[in-house]
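Engineer: The structure is given below, and queries will be raised subsequently.
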Amino acid sequence: MMIIIKLLTILSLTSIYIVASHVQQQQSSTKQQRFQQDQNDLLSSNINNNQNDLDCTNDGLITFELITGYVLTSPAETVQMIPGILQLSDCIERCQRNQSCRALNFETGLCVLLTTAANDQTTVLTPSQFPVFTIFAQKICLKQNYQKCMEKGWSFERVLGFELKDKDLKKLPLPNRFACMQACLSEQDFVCRSANYDPDTGDCSLSDMDRGSINPTHDIKMRTYGPSSSGSTEYLENNCIEEPKKLCDFRPIEGKLLKTVDFVYQNIQSIDECRERCLSSKYRCHSFDLGDPNNPNKVCRTSHLDKYSLAHIDDAYLQVNGAITYELHSCYNVSILCKSREMIAHVQTTKIFDGKIYAKSKPNLCVEDIQNSLDFEIRMKYHDVDCDVKEVVHGHFSNDIVIQHHDMIVTTKDLGLSIHCKYDLTNRSITNNVNLSVDGDVDATDSQSAIVSSPNVTMRITDRSGSNIVSAQVGDPLMIRFEIVEATSPYEIFVRELVAVDGQDQSEILLIDSNGCPTDLAIMGAMNKIGGDRKAIEGPFDAFKFPTSETVQFRALVTPCLPSCEPVQCDIRGYDGGLRELSSFGRRRRRRRSINTANQNDDVLNEEEIIVAGAIQIKDKFTFNGKDRRKNQSGQQQQQQQQNHRFSNEEG
């Protein structure tokens with residue numbers, strides 16, 4: 001008899017359970033024989049049926065828990081045996097609609113509705129793994145925080161005698177597993193993905209990991225998910241969480257098909273179409289296949305199970321030449337937050353990530369090392385050579401990032417993304433390759449609800465006569481100039497925290513401190529207004545460079561003030577070592593003052609400062625003889641061309 005059953009099952013699997021009337025009859029007959037011959041009749045288990053009455057009053061939610069690899073066998077308790085059911089959700093819905101149905105047994109192609117549930121009496125369940133494994137499901141009631149479970153076919157999957165080890169974040173003493181499930185759904189400090197519950201001790205351990213998110217190389221090797229040490233602990237996996245379903249990576253397993261699946265879709269023509277069916281499922285789909293390649297009937301089979309979650313099932317796969325099962329390795333949801341000074345790429349993943357995320361063009365300078373996380377991010381500032389964010393067109397910033405799993409090398413598992421931030425800057429102005437970020441708007445000075453836009457500020461490097469320059473030699477007398485673009489703007493500006501940064505290794509030197517005073521007059525002079533122009537200030541300096549690069553980047557904080565800015569008095573040590581006082585149009589940021597009530601003329605807005613940046617090439621004045629000199633000149637020309645090309649890309 002077992003040989004006949006196995007033959008029928010293999011025929012059904014290799015034909016991917018396409019329903020034909022004679023197959024249904026044979027399948028139904030086979031299942032009925034199994035149930036009739038089963039010796040573990042539920043009536044002999046001495047369970048009082050009143051214990052199975054489902055009390056779900058007071059706006060509770062009736063949902064299901066799954067137990068894969070087990071079957072509840074009792075012909076006397078069978079409500080209905082329905083052959084030809086190819087979807088687990090269809091079987092669950094039939095039980096949901098049937099008031100007398102308390103539980104069900106499902107195998108691909110057969111749904112059995114039962115009037116009795118196992119509840120805590122797991123002894124009435126018997127292993128059912130051959131020739132196919134069975135999925136047992138029973139109704140449970142969730143009393144609160146079940147909103148995310150309402151659109152799911154089931155809320156939890158329970159694995160008897162298994163646990164997720166060393167991943168618990170919170171441990172609670174609770175009376176039963178239903179209370180443990182409720183605690184998982186109600187958890188506020190983290191996303192509870194799974195729990196371990198030991199009915200002997202009442203210990204409920206909540207975790208932000210599950211058997212699908214743990215590291216498949218390290219954690220599986222360390223037996224993180226496996227048989228429980230106590231033997232009584234049960235693993236509970238939350239099916240109600242929302243997982244990333246974008247940028248998904250599926251890995252092929254050749255020559256194998258799952259013996260039991262959750263869904264069978266017919267007339268599916270491609271891998272991409274089947275993959276999309278998997279990812280759009282209401283449940284957490286972890287694998288799919290296109291069935292037997294020799295079968296002319298095109299089908300797509302999807303399942304919430306994979307080789308890691310089937311660790312408690314013996315021989316879960318059928319060997320089929322040419323067949324391929326695609327199992328989910330990881331998915332990534334990448335969201336971009338576009339802020340006034342930076343772009344932030346925030347990544348959520350389904351598989352614990354241990355690697356790094358970095359800007360492709362600056363892998364050593366713009367990088368975040370990530371250790372064992374499902375949620376991480378990278379911040380990339382605009383106008384900063386660290387991350388090399390490019391301004392594609394005016395107000396459109398872009399950069400390429402890499403999500404790399406290995407700490408040292410790039411592999412096929414890694415993911416590359418191009419991210420973009422676009423701003424509506426139609427009333428802004430950026431000139432002469434100097435980029436600008438503006439933070440917010442400020443209220444008007446009168447009592448009406450009008451809005452005065454923050455000023456647009458540019459930074460330029462000029463010679464002492466005010467002409468723009470893009471390159472210079474060490475020692476050339478230069479000026480750094482800050483200007484408000486709008487002629488009608490009511491603001492004036494002052495500057496603080498002016499920094500010069502090495503374009504190569506990011507060494508930096510402070511030129512104007514947080515008080516607005518120059519730190520070393522031998523390098524940078526005080527900031528002063530330009531003639532009678534109250535909207536422009538400048539500071540003198542002699543061209544300098546860093547040893548490792550010809551590119552010097554300047555970055556400063558510029559703060560608007562109304563109606564005028566008063567200079568700060570600086571005590572500066574002169575060349576002779578003595579202290580002298582000078583004025584500079586820089587100022588430590590003041591506390592917020594009411595513009596309507598203050599009498600002073602130097603009120604500072606309670607807004608974030610404007611950050612401006614620019615860069616210039618400064619060459620050495622060293623001379624070389626013969627071949628060395630020609631080589632140096634050639635290298636400088638090549639670097640100049642590359643730098644000009646980079647500026648051109650950032651501007652355009």
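The values are calculated or read from the model by the stated rules, or taken from the named source; none is laboratory data. Keep in mind the model is a prediction, meaning the values are calculated, not measured. Here the Cβ is made from the backbone with ideal geometry for all residues, glycine too, and neighbour counts use every protein chain on show.
Engineer: Does residue 102 fit the bill of being in contact with a Lys or Arg (Cβ under 9 Å, 6 or more places away or on another chain), of a type in the set (D, E, K, R) and not assigned by TED's automatic domain parsing to the domain that holds residue 257?
Structural biologist: Yes.
Engineer: Related question: So which of 289, 249, 208, 272 is within 28 Å of residue 151 (Cα to Cα), in contact with a His (Cβ under 9 Å, 6 or more places away or on another chain) and of a type in the set (D, E, K, R)?
Structural biologist: Every option except 249 fails the conditions.
Engineer: On the basis of being among the hydroxyl-bearing types (Ser, Thr, Tyr) and surrounded by fewer than 14 Cβ atoms within 10 Å (Cβ to Cβ), does residue 201 make the cut?
Structural biologist: yes
Residue-wise test of (1) of a type in the set (D, E, K, R); (2) touching a strand residue (DSSP E or B) at 6+ places or on another chain (Cβ under 8 Å).
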{"site": "140", "(1), (2)": "no, yes"}
{"site": "149", "(1), (2)": "no, yes"}
{"site": "152", "(1), (2)": "yes, yes"}
{"site": "157", "(1), (2)": "yes, yes"}
{"site": "168", "(1), (2)": "yes, yes"}
{"site": "171", "(1), (2)": "yes, yes"}
{"site": "175", "(1), (2)": "no, no"}
{"site": "179", "(1), (2)": "no, yes"}
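Engineer: Return yes when residue 59 is among the charged types (D, E, K, R), without any contact (Cβ under 8 Å) to a residue 60 or more places away in the chain and assigned to a loop (DSSP other than H, G, I, E, B) and no when it is not.
Structural biologist: So residue 59 fits the description; yes.
Engineer: Please determine whether any residue of the range 453-461 is assigned to a strand (DSSP E or B) and modelled with pLDDT under 75.
Structural biologist: yes
Engineer: May I pose another question? Please state which of the following conditions residue 514 fails to meet, knowing it meets all the rest: (1) within 41 Å of the chain's Cα centre (by Cα); (2) more than 21 Å from residue 385 (Cβ to Cβ); (3) part of a strand (DSSP E or B).
Structural biologist: The single condition residue 514 does not satisfy is (3).
Engineer: Please count how many residues of the range 64-85 are over 45 Å from the mean Cα position of the chain (by Cα) and among the β-branched types (Val, Ile, Thr).
Structural biologist: Qualifying residue count, the range 64-85: 2.
Engineer: Hey, can you tell me all the residues within the range 64-82 that are part of a strand (DSSP E or B) and surrounded by 20 or more Cβ atoms within 10 Å (Cβ to Cβ)?
Structural biologist: 64, 65, 66, 67, 68, 70, 71, 72
Engineer: Could you list, in sequence order, all residues of the range 495-510 that are under 14 Å from residue 554 (Cα atoms) and touching a residue at least 40 places away in the same chain (Cβ under 8 Å)?
Structural biologist: Answer for the range 495-510, where residues must be under 14 Å from residue 554 (Cα atoms) and touching a residue at least 40 places away in the same chain (Cβ under 8 Å): 495, 496, 497, 498, 499, 500, 501, 502, 503, 504, 506, 507.
Engineer: Next question, about the same structure. Tell me the strands (runs of 3 or more DSSP E) entirely within the range 98-143 that contain at least 2 residues that are over 21 Å from residue 63 (Cβ atoms).
Structural biologist: 125-127
Engineer: Output the number of residues of the range 162-221 satisfying the condition of being hydroxyl-bearing (Ser, Thr, Tyr) and over 19 Å from residue 312 (Cα atoms).
Structural biologist: The qualifying residues number 4.
Engineer: Go through the range 135-193 residue by residue and tally those that are touching a residue at least 60 places away in the same chain (Cβ under 8 Å), small (Gly, Ala, Ser) and either in contact with a Ser or Thr (Cβ under 9 Å, 6 or more places away or on another chain) or outside the structural domain of residue 92 (by TED's automatic domain parsing) (or both).
Structural biologist: Qualifying residue count for the region: 3.
Engineer: A further question on this structure: Please work out which residue is farthest from residue 304 (Cα to Cα), limiting yourself to the range 143-155 and to residues that are of a type in the set (A, V, I, L, M, F, W, C) and over 24 Å from the mean Cα position of the chain (by Cα).
Structural biologist: Per the criteria, the residue is 150.
Engineer: List every residue pair whose Cβ atoms lie under 7 Å apart, where the two residues are 6 or more positions apart in sequence or sit on different chains, the first residue falls within the range 90-108 and is without any contact (Cβ under 8 Å) to a residue 60 or more places away in the chain, and the second residue, located anywhere, is surrounded by fewer than 24 Cβ atoms within 10 Å (Cβ to Cβ) and of a type in the set (D, E, K, R).
Structural biologist: Filtered contacts from the range 90-108: 102/139; 103/139.
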